[in-house]
Amino acid sequence: MEREILMVSSASIALNFYNKNPNAIDEEIFQHLADHISNESIKDEKTKRNMIASANMAIKLKRNTPNSEKQILRKIIQEIPRIIQELD
């Protein structure tokens, strides 16, 4: 369950950064996320990959759909089992 919570959290962090910096490129967004992961001392590599994948999905949805942040996070929650299965 902790991994899933971290995945939603990372998607939210990426969306918040993007909303504050709408001209940010992917590298800036993911550097911000990498800094967060480092600050939280997350060591498990699978969890890190899952967090990055959920954040990536969130940013893609934000750029390609008119959905609100809440709708995007709901979509991420629905996709978590698939993301984990693909990356494990």
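Please go through the stretch 12-40 and pick out each residue that is of a type in the set (A, V, I, L, M), in a loop (DSSP other than H, G, I, E, B) and surrounded by 12 or more Cβ atoms within 10 Å (Cβ to Cβ).
Across the stretch 12-40, the qualifying residue is only 24.
Can you name every residue in the stretch 55-69 that is more than 14 Å from residue 17 (Cβ to Cβ) and either surrounded by 13 or more Cβ atoms within 10 Å (Cβ to Cβ) or in contact (Cβ under 8 Å) with a residue 12 or more places away in the chain (or both)?
57, 61, 67
Counting only residues that are touching a helix residue (DSSP H, G or I) at 6+ places or on another chain (Cβ under 6 Å) and among the small types (Gly, Ala, Ser), which one in the stretch 1-11 is nearest to residue 59 (Cα to Cα)?
11
What are the residue pairs meeting all of these: first residue in the stretch 28-41, first residue of a type in the set (Phe, Trp, Tyr), second residue outside any loop (DSSP other than H, G, I, E, B), Cβ atoms under 7 Å, and 6 or more apart or on different chains?
Matching pairs, first to second residue: 30/52.
No value in this document is a laboratory result; all are computed from the given coordinates. Everything quoted here is computed from the prediction, not taken from an experiment. In this analysis, Cβ positions are derived from the backbone assuming ideal geometry, glycine residues included, and neighbour counts consider all displayed protein chains.
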